[in-house]
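Undergrad: Submitted below is the structure of interest, expressed as structure tokens.
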Amino acid sequence: LAVAAVPEGLPAILSVVLALGVQRMASQRAIVKRLSSVETLGSASVICTDKTGTLTRNEMTIVKVVTPSVEVDVTGIGYEPVGEVRVNGERVQDELLRREVELVLEGGSLANDATLRSDGDRWEVLGDPTEAAFLVAERKLGLTAARSERFERVAEVPFTSERKLMTTVDLDSQAEHGQNHHDRREFVLVTKGAPDVLLGRCTHERVGGDVVELTPQRRDRILADVERLADDALRTLAVAYRRLDTVANDIDESHEHDLVHLGIVGIVDPPRPEVIEAVADAQRAGVRVIMITGDHPRTAGRIGQQLGIETDAAASAGGQNGTGVTGAELGKLDEAEFAATVGRRSVFARVSPEQKLRIVEALQHDGQIVAMTGDGVNDAPALRQAEIGVAMGINGTEVSKEAADMILADDNFATILSAVREGREIFADIRKFLRYLLASNAGEVLVMFVGVLAAGALGLTDATGGDGLAVPLLATQILWINLLTDSALALALGVDPAVEDVMDVPPRRVTDRIVDRSMIVTIALIGVTSAIAGLIALDLELAGGLLGGSGDISTARTMVFTTIVLAQIFNAFNARSDTVSAFVRPFDNRLLWAAAGLTLVLQIAVVHAPPLQRAFDTDALDITQWATCVGLASAVLWVDEIRKVIRRR
């Protein structure tokens, strides 16, 4: 009874199914580090994702340059230089206007760690794509050689997500204000970064060849230009500089003051075409998508609307008129207001790593299962806190990869959703073989238990000639049944293709049980039906029972034995879905048919091969007895079909 009751193969099959799921995910460029994460992915109810490179192509291209005097489109095919600046298609003749544009691109290329490498006729970007965009735009205007010959870097203040700025200090060998003083070394400090942050450190701006005071009216105009570019879904960066006579050994952010504003650039980073569909699929599956980015809130809001992450109505309901919620706004909220905002809004801009962690915690406190993406060192706490931490395989740091549960080899949001789908299908497969194993084992237990209780009515008390009680199944036969059912058939169900679309239902809640009420009803129904079928087979064959059989106990046991095995084959097809008929797409799982065929062949061998007959105490059955066993065993299929019809209705 203990052997019959316990599904011994469950741990092994579970491990195999999860391992196969990990292998399938890896083929789809989602590398899972922990087996348990596979199932958790299927339960994810919220995906918090970066924008750049995950929702977008990460192919940064500067298309607009706005200076104090002119706004131009940067054109050109590939990296080929065009050597001119155009406004509305017309070449700019004024040298000072052209110089304003060139200074913005030169400044952005100085405060820059990216490089362009030539590989024959092709160019390869090494480093951050946003920084490389300045190099590409500069090359389109044919400025690269002049800058590289003139400047030599001597210090750097790296970019951080908190400051949102990067600064370099370069020795200027041809300083515009020092050309007549050859004994004087002059340095230029260049800063690029978020316009709203950088403007706060600027006191002047360069107009033509002159440096003039940056008035409040001009600040408002520049910020209006930034918002206008952001409304066109362009990422914006500003560039500023100041000259230094000497350079200290400890250049840091304290030197980023009294800067001269040069201009702003608008960078296009088109959404990945597959992401729009992936976001729609996620929402259809009840998975909420939250975008967290360091971009301008208007840019974030527009991209969020393009991708369907947050609609104009949702943004307007938040009082933001289509913009993302900023980190500064989050910082002013108490815990209750913070949680309410996170529950209502789905686009967040200019968010710090600490606020990312708070967003994850607020979602978890609301009962959500969170998947969080990240690529930086500072993202590690949020990645560890989330149920599923997702690191970027291309642009991610080693720290973020170590903290994550899953690594995206292609940095693509659509890959996350593919992994969620795979996780749901794996969880559905786990439920399938659990439903199958537990129902099959219940049938074995009930055959033994009811057989003993009703031994007199079934003729089992007389089957041994008065020497004791005969049981319906021998221990070796129960072992054989478990050997067959706990291996090939259960494993085939563990890799069963989904009969219904797993993304058509909401994610599983934390409080949901794997063996729920519906499964318990199914297990009980199939177990009882299987046991009744087996006992009827016994009574039809065994003399002294209710149905008037005339055979001996050995043949009767063989009938019970065979009926239970065949019932479990039918049950394997039942278990493919809790609601969908076994006759829907029945041939999708070829492995299941192969396992059923193997089980049937082995059972025939046990019944008819003399060595196995002696080992398992079986007798050969004739065609009529086999037909009886098949007919009784098929009751499992028909009873469950009726249950499914009732369940669907």
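Undergrad: If you take the beta carbon distance between Q364 and V154 as r and set R0 to 45 Å, what does 1/(1 + (r/R0)^6) give as a FRET efficiency, to the nearest 0.05?
TA: Taking R0 as 45 Å, the efficiency between Q364 and V154 is 0.45.
Undergrad: Could you name the lysines whose alpha carbon sits less than 23 Å from that of K140, not counting residues in the same chain fewer than 8 places away?
TA: Leaving aside lysines fewer than 8 places away in the same chain, those within reach of K140 are K64, K192.
Undergrad: May I pose another question? On the accessible surface of the chain, probed at 1.4 Å, how many percent belong to carbon and sulfur atoms?
TA: Reported share for carbon and sulfur atoms: 56 percent.
Undergrad: What percent does the relative contact order of region 351-467 come to when contacts are Cα pairs within less than 8 Å and at least six residues apart?
TA: Normalised by residue count, the contact order of region 351-467 is 14 percent.
Undergrad: Oh, and also: Helix 335-344 versus the longest principal axis of the chain: what is the Cα-based angle in degrees, 0 to 90, to the nearest 10?
TA: Taking the Cα atoms of the chain, the angle to 335-344 is about 80 degrees.
Undergrad: May I pose another question? Out of every Cα pair in the chain, what percent are spaced more than 47 Å from each other?
TA: More than 47 Å apart: 39 percent of the Cα pairs in the chain.
Undergrad: Another question about this same structure. Expressed as an acute angle from 0 to 90° and rounded to the nearest 10, what is the orientation of the C-alpha long axis of helix 413-453 relative to the principal long axis of the chain?
TA: 20 degrees
Undergrad: While we're on this one: Tell me the angle of helix 475-484 to the major Cα principal axis of the chain, expressed in degrees between 0 and 90 and rounded to the nearest ten.
TA: Relative to the chain, helix 475-484 is tipped by roughly 30 degrees.
Undergrad: Here is a follow-up. May I ask you to list the residues of region 188-222 whose amide nitrogen lies under 19 Å from a point 7 Å from Cα along the Cα→beta-carbon direction of R163?
TA: Those under the cut-off are 188-203.
Undergrad: Under a plain spin-label model, where a point goes 7 Å from the Cα along Cα-to-Cβ, how far apart in nm are A224 and V580?
TA: 5.8 nm
Undergrad: Related question: Order these peptides, 154-164, 477-487, 534-544, 221-231, by their mean beta-carbon neighbour count within 10 angstrom, highest first.
TA: Top of the packing list down: 534-544, 477-487, 221-231, 154-164.
Undergrad: Follow-up. Positive end of the dipole of region 490-554, charges at C-beta (+1 Lys, Arg; -1 Asp, Glu), about the Cα centre: which of L542, A524, V510 has its Cα farthest in that direction?
TA: My answer, from the dipole projection, is V510.
Undergrad: Moving to a separate point now. When the chain is fully extended, how far beyond the present Cα-Cα distance does A2 get from S550, taking 0.36 nm per residue of separation?
TA: Result for the pair: 194.1 nm of gain on full extension.
Undergrad: Next question, about the same structure. Could you tell me the ratio Rg/Rh of region 539-649? Both radii from Cα atoms, Rh via Kirkwood.
TA: Rounded to two decimals, Rg/Rh equals 1.05.
Undergrad: Given labels modelled 7 Å from the Cα in the Cβ direction, how far is it in nm from H204 to I514?
TA: Placing both labels 7 Å beyond Cα along the Cβ direction yields 7.0 nm.
Undergrad: What order, most packed first, do the peptides 56-65, 98-107 have when packing is the mean number of other Cβ atoms within 10 Å of each residue?
TA: 98-107, 56-65
Undergrad: Let me ask you something else. Putting +1 on Lys and Arg Cβ atoms and -1 on Asp and Glu Cβ atoms, find which of W626, I264, G127 reaches farthest to the positive end of the dipole of the chain.
TA: About the Cα centre, the residue reaching furthest to the positive side is W626.
Undergrad: Further, regarding this structure: At 1.4 Å probe size, with every protein chain present, just tell me what the per residue accessible area of the chain comes to in Å².
TA: So the chain comes to 43 Å² accessible per residue, rounded to a whole number.
Undergrad: Right, next: Can you compute the modelled spin-label distance between D588 and Q174, with each label point 7 Å from Cα toward Cβ, in nm?
TA: 6.8 nm
The values are calculated or read from the model by the stated rules, or taken from the named source; none is laboratory data. None of the values given here were measured: they were computed from a predicted structure. Note that each Cβ is placed from the backbone with ideal geometry, even for glycine, and that neighbours are counted across all protein chains shown. Ligands, DNA and RNA are stripped out before the accessible areas are found, and what is left, the full protein with its side chains, is counted by its heavy atoms. Shrake-Rupley method; radii C 1.70, N 1.55, O 1.52, S 1.80 Å.
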